[in-house]
Amino acid sequence: TSCVCATAETLCKLIFCRIRPFYAPQKTDYALPGEVYSMPSGHSLRACALVFWIVHNPHAKILCNTFGLPALPVFARRYGMIWAASVGLARVAVGRHFPLDCAVGLLLGAAIGLSVERSLASSALA
């Protein structure tokens, strides 16, 4: 899931080439291609994909049960999207992204998280 998220984030940043907010100082050295651009928010994307992984992945449920956290998928279903949205709001608050960047990141993360987990579940059943 994280590889798909990183690939989708980089491709979208290179396609949209949206500049980062001008009202906050931005760093000038970037390690990855496309990191200079703003759309989508990679933090929001990965936070939302993580929530969907916890909620929909049977291995996450097994891990939670192993470590004595049987209610984590239920907790993530209830509060995970609030947490993921707050990650996006924090990125807007520090001036690294516009609100639309975070909204696109959340939607893209949800789509990736759900589709990857569904494809893995269907291939495991086959």
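Taking chymotrypsin sites (Phe, Trp or Tyr not before Pro) as exposed when DSSP calls them loop and at most 14 other C-beta atoms lie within 10 angstrom, the chain has its longest site-free stretch at 68-126.
Projecting the Cα atoms of VAL104, CYS3, GLY68 onto the dipole axis of the chain, where Lys and Arg carry +1 and Asp and Glu carry -1 at the beta carbon, places GLY68 farthest toward the positive end.
A value for semi-axes √(5λ) of the Cα gyration tensor in Å was derived from the coordinates, and within the list [x] 29, 17, 11; [y] 35, 16, 14; [z] 31, 13, 12 it appears as [x]. Per residue, the chain exposes 60 Å² of accessible surface when a 1.4 Å probe is rolled over the protein heavy atoms with every protein chain present. A helix-only calculation puts the chain at -23500 deg cm²/dmol for mean residue ellipticity at 222 nm, using -39500 (n - 2.57) for each DSSP H run of at least four residues, averaged over all residues.
Simple spin-label estimate for ALA111 and ASP29 gives 3.5 nm between the two label positions (7 Å along the Cα-to-Cβ direction from each Cα). First measure r as the distance between the Cβ atoms of VAL36 and LEU63, then evaluate 1/(1 + (r/R0)^6) with R0 = 30 Å and state the FRET efficiency to the nearest 0.05. E(calc), rounded to 0.05, equals 0.25.
With a simple spin-label model that places each label point 7 Å from the Cα along the Cα-to-Cβ direction, the separation between ILE15 and SER119 comes to 1.5 nm. Under 14 Å from a label point set 7 Å out along the Cα-to-Cβ vector of ALA93, no amide N atom of the stretch 38-55 is found.
Apolar share of the accessible surface for the stretch 76-126: 73 percent from carbon plus sulfur atoms, 1.4 Å probe.
The values are calculated or read from the model by the stated rules, or taken from the named source; none is laboratory data. Everything numeric here is computed off the predicted structure, so don't read it as measured data. Because the Cβ atoms are built from the backbone with ideal geometry, glycine has one as well, and the counts that use them run over all protein chains shown. For the accessible areas, the whole protein counts, side chains as well, though only heavy atoms, and no ligand, DNA or RNA atoms are used. Shrake-Rupley method; radii C 1.70, N 1.55, O 1.52, S 1.80 Å.
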